[in-house]
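Q: This is the structure I have questions about; it appears just below.
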Amino acid sequence: MVQTLAEKLIARAAGHHSVASGDVVTCHVDLAMIHDSGGPRRAKPILDRLGVKVWDPKKIVVVTDHFVPAYDTETATIQKLTRDWVADQRVPNFYDMQGICHVVLPERGHFKPGMFVVGGDSHSPTGGAFGLYMFGVGATEMAGVLATGEIWLRVPETILIECEGQLSPGVAAKDVMLHLCARLGMDGGRYQAVQYVGGTVTALPMTERMTLCNMAAELGAQTGLIAPDATTVDYIRAAGADPGDIARWQGDAEAVPAERHRVDATALAPQVAAPHSPANSAPVADVGAVQIDRAYIGACTGAKLVDLHMAASVLKGRRIASNVRLLVAPASTRIAAQAAADGTLATLTEAGAILLASGCGACAGYGSGLLSEGEVCIASTARNFKGRMGATTAQVYLGSPYTVAASAVAGRIADPRPLLAEHAS
Amino acid sequence: MTAHRVWRFGDNIDTDVLAPGIYMKKPIAEIAAHCLEAVEPRFAKEVRPGDVVVGGRGFGMGSSREQAVEALLQLGVVAVLALSFGGIFYRNALNYGLLALASSDIHRIRQDDLVVVDGVAGTVIDETTGERLTCEKLPPHLLAMIADGGLVPHLEKRFARQGAQA
């Protein structure tokens, strides 16, 4: 039977030979990812009420990333509860303050093509970049997974995003996604599976592919998917894991998607999302004169090593504007170490950046670096909902790390391409 | 069946306005006190037990935080009706026993209308206007879960059954 990649992944997890979109099935979970905010803090009382332990401690990964580092007794208590629960349930894979879950799991070799993974966070589609099925759920649903190892799902249709052509210098995966948010809307994904294909996608490194899949959440999709290839295999091997058989995890060429959307990467300019939605995106030239108080490079979708390199390529040899504060939170401690070793952190701090801990931080309004009433910020994060980064009157714009860095230099929202061209000449 | 007063909201009500991140470390009562304040400061103060929230497109989009659902329940909201839902919010709502119904006719319901909601039949009757709305039907496995009171009581039954068999 002809099947999409999503159908093949779900059929395997459901123990069926094949499935079709619309089927309601129960899947066996290969891996469950939870964090300090929605994880043990919320699941423990439910498991206690049910009188059960976790179904398989080896199939659970716990990450502290939301309240990192603890900044008061309430957040310290949440962190301690998380550590105590991990010890009590004998969960072997625990990454305490090592970075954001969506980045830490792949870099520590937990992902491989063909898996069926559930994450206790809405940006869980990130894992789909590795040719596996991964989606986000709330804490009660996750408690159910921890108790039973199972979850139901309605087999999604596949919405194909065909991306062809080479991205211009200063244009990144974040720009592709902001453009798609504007085009399709934040419910354009209809809780189906968005799959990215085409030459542009093939040419991207895993960390940029992760940004595409991560922001399938902003399209309202259940997941984002990219079929595994040699780039996937190389990344997984470098992370010390075995990628397995990738030939099995390709959608059939004859499978017909529910929708097809083309993106001409060559023509794409840097995009900026105006407050208060990623769907308010337009080319940077259309934004007009917007003075900024803050620039933020952080989050699962905006502070991986590739993102820090983008920012550094703009900031090298420059200083940020005197009225702007640039905060940088590398997405993981490993990324921070790599960026220290290759000189990226020095480039950023010499330009005036302030370094923060690796965690979700200001992106979700959890950590330090929040915004006051009326402050204007441009961030490399995925969401700019009203009040998300602090005060409800704060104005948050979104852009790629290139655009955030260029804006920090200019003191207003700015196109990174002229600054990059100066460096090149 | 009881009629419920309507609180009407627009498109794209996200989880950050339902349960703001800066209060997420707090107990649910405190999060609920700030529910929807970014778009309607009166809501958390004036909503009454038994009220119904009506949204537009993409209600509950964004985060997986189920405090977005819990805050509404804490304030006594008994159902959320919308044109469409954020997928995780929708699952969270049903897991918590909060009825979430999608209808393409949702624009006909106005602020302060009185509505009768029937989750099993998938209908909403607006008593103020006399309109009858048809909603997407919930699949049987979800109706069974809601009948049990949500996912946790549903699982309690399952584990009790397994215990009895053992």
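The values are calculated or read from the model by the stated rules, or taken from the named source; none is laboratory data. Nothing here was measured: the structure is a model prediction, and the numbers come from that model. Because the Cβ atoms are built from the backbone with ideal geometry, glycine has one as well, and the counts that use them run over all protein chains shown. SASA here: full protein model, heavy atoms, side chains in, ligands and nucleic acids out. Shrake-Rupley method; radii C 1.70, N 1.55, O 1.52, S 1.80 Å.
Q: Inspect the stretch A:381-404 for any residue being away from every other protein chain (no Cβ under 14 Å), surrounded by fewer than 24 Cβ atoms within 10 Å (Cβ to Cβ) and either assigned to a loop (DSSP other than H, G, I, E, B) or touching a Pro at 6+ places or on another chain (Cβ under 8 Å) (or both) and give the result as yes or no.
A: Checked the stretch A:381-404: no residue is away from every other protein chain (no Cβ under 14 Å), surrounded by fewer than 24 Cβ atoms within 10 Å (Cβ to Cβ) and either assigned to a loop (DSSP other than H, G, I, E, B) or touching a Pro at 6+ places or on another chain (Cβ under 8 Å) (or both).
Q: Among the residues of the stretch A:168-208, write down those that are more than 14 Å from every other protein chain (Cβ to nearest Cβ) and among the aliphatic types (A, V, I, L, M). So that I can check it myself, show each step before the final result.
A: Going through the stretch A:168-208, the residues more than 14 Å from every other protein chain (Cβ to nearest Cβ) turn out to be A:168-180, A:183, A:195-208.
Once the filter is applied, which keeps residues that are more than 14 Å from every other protein chain (Cβ to nearest Cβ) and among the aliphatic types (A, V, I, L, M), the stretch A:168-208 yields A:Val171, A:Ala172, A:Ala173, A:Val176, A:Met177, A:Leu178, A:Leu180, A:Val197, A:Val201, A:Ala203, A:Leu204, A:Met206.
Q: Do you know which residues across the stretch A:282-302 are under 18 Å from the mean Cα position of the chain (by Cα) and more than 13 Å from A:Thr403 (Cα to Cα)? Don't jump to the end; show me each part of the working.
A: Taking the stretch A:282-302 as the starting set, the residues that turn out to be under 18 Å from the mean Cα position of the chain (by Cα) are A:296-302.
Listed by number, the residues that qualify are A:Gly298, A:Ala299, A:Cys300, A:Thr301.
Q: Next question. Which one is farthest from A:Gly39 (Cα to Cα) among residues in the stretch A:87-101 that are of a type in the set (S, T, N, Q) and in a loop (DSSP other than H, G, I, E, B)?
A: Result: A:Gln98.
Q: Exactly one condition in (1) among the aromatic types (Phe, Trp, Tyr); (2) within 13 Å of another protein chain (Cβ to nearest Cβ); (3) crowded, with 22+ Cβ neighbours inside 10 Å is not met by A:Tyr71; state its number.
A: Evaluating A:Tyr71 over (1) among the aromatic types (Phe, Trp, Tyr); (2) within 13 Å of another protein chain (Cβ to nearest Cβ); (3) crowded, with 22+ Cβ neighbours inside 10 Å leaves (3) as the failure.
Q: Please verify whether A:Lys53 is without any contact (Cβ under 8 Å) to a residue 60 or more places away in the chain and either open to solvent by 40 Å² or more (accessible area, probe 1.4 Å) or assigned by TED's automatic domain parsing to the domain that holds A:Ala331 (or both), treating the condition exactly as stated.
A: yes
For every residue, the table says whether it meets (1) open to solvent by 10 Å² or more (accessible area, probe 1.4 Å); (2) closer than 26 Å to A:Asp342 by Cα; (3) within 14 Å of chain B (Cβ to nearest Cβ).
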position: A:Pro275; (1), (2), (3): yes, no, yes
position: A:Ala282; (1), (2), (3): yes, no, no
position: A:Val290; (1), (2), (3): yes, no, no
position: A:Ile297; (1), (2), (3): no, yes, no
position: A:Asp307; (1), (2), (3): no, yes, no
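Q: Looking at the stretch A:109-161, which of the residues that are over 23 Å from A:Thr82 (Cα atoms) and within 9 Å of another protein chain (Cβ to nearest Cβ) is most open to solvent (accessible area, probe 1.4 Å)?
A: A:Arg154
Q: Just to be sure I understand, how many residues within the stretch A:78-97 are surrounded by 14 or more Cβ atoms within 10 Å (Cβ to Cβ) and either charged (D, E, K, R) or farther than 27 Å from A:Ala303 by Cβ (or both)?
A: Of all residues in the stretch A:78-97, those surrounded by 14 or more Cβ atoms within 10 Å (Cβ to Cβ) come to A:78-79, A:81-83, A:85-86, A:89, A:91, A:93-97.
Of the ones still in play, those that are also either charged (D, E, K, R) or farther than 27 Å from A:Ala303 by Cβ (or both) are A:83, A:85, A:89, A:96.
Count: 4.
Q: Within the stretch A:164-183, work out how many residues are buried (at least 21 other Cβ atoms within 10 Å of the Cβ) and more than 19 Å from the chain's Cα centre (by Cα).
A: Residues in the stretch A:164-183 being buried (at least 21 other Cβ atoms within 10 Å of the Cβ) and more than 19 Å from the chain's Cα centre (by Cα): 1 in total.
Q: I need the full set of residues from the stretch B:58-74 which are of a type in the set (A, V, I, L, M) and surrounded by fewer than 24 Cβ atoms within 10 Å (Cβ to Cβ), in order please.
A: The initial filter retains those residues of the stretch B:58-74 that are of a type in the set (A, V, I, L, M), namely B:61, B:68-69, B:71-73.
Within the stretch B:58-74, just B:Leu73 meets the criteria.
Q: If the requirement is being hydroxyl-bearing (Ser, Thr, Tyr) and at pLDDT 95 or above, which of these qualifies: A:Ser380, A:Ser368? Give the derivation first.
A: Details: A:Ser368 fails: at pLDDT 95 or above.
When all the criteria are applied, what remains is A:Ser380.
Q: In the stretch A:305-342, what count of residues is obtained for those that are in a strand (DSSP E or B) and closer than 19 Å to A:Ala408 by Cβ?
A: Within the stretch A:305-342, the subset in a strand (DSSP E or B) is A:325-328, A:332.
Add one more test, that the residue is closer than 19 Å to A:Ala408 by Cβ, and what stays is A:325-328.
Of the residues in that region, 4 qualify.
Q: Can you pull out every residue in the stretch A:253-280 that is hydroxyl-bearing (Ser, Thr, Tyr) and under 18 Å from A:Ala221 (Cα atoms)? So that I can check it myself, show each step before the final result.
A: Initial filter on the stretch A:253-280 (hydroxyl-bearing (Ser, Thr, Tyr)): A:266, A:277.
Within the stretch A:253-280, A:Ser277 is the sole residue that qualifies.
Q: If I filter the stretch B:1-21 down to residues being facing another protein chain (nearest Cβ under 9 Å) and surrounded by 20 or more Cβ atoms within 10 Å (Cβ to Cβ), which single residue comes out as farthest from B:His34 (Cα to Cα)?
A: Keep residues of the stretch B:1-21 that are facing another protein chain (nearest Cβ under 9 Å), which gives B:11-12, B:14-17, B:20-21.
So of that shortlist, the ones also surrounded by 20 or more Cβ atoms within 10 Å (Cβ to Cβ) come out as B:12, B:14-17, B:20-21.
Numbers: B:Asn12: 18, B:Asp14: 14, B:Thr15: 12, B:Asp16: 10, B:Val17: 8, B:Pro20: 7, B:Gly21: 11 Å.
Checked the stretch B:1-21; the qualifying residue farthest from B:His34 (Cα to Cα) is B:Asn12.
Q: Has the stretch B:147-160 got any residue that is under 14 Å from the mean Cα position of the chain (by Cα) and outside any loop (DSSP other than H, G, I, E, B)? Don't jump to the end; show me each part of the working.
A: At the first step, the residues of the stretch B:147-160 found to be under 14 Å from the mean Cα position of the chain (by Cα) are B:149-150.
Those still in the list that are outside any loop (DSSP other than H, G, I, E, B) too: none.
No: the stretch B:147-160 contains no residue that is under 14 Å from the mean Cα position of the chain (by Cα) and outside any loop (DSSP other than H, G, I, E, B).
Q: Which members of the stretch A:343-355 meet the condition of being surrounded by 22 or more Cβ atoms within 10 Å (Cβ to Cβ) and part of a loop (DSSP other than H, G, I, E, B)?
A: Just the residues of the stretch A:343-355 that are surrounded by 22 or more Cβ atoms within 10 Å (Cβ to Cβ), to begin with: A:344, A:348, A:353.
Correct list: A:Ala353 only.
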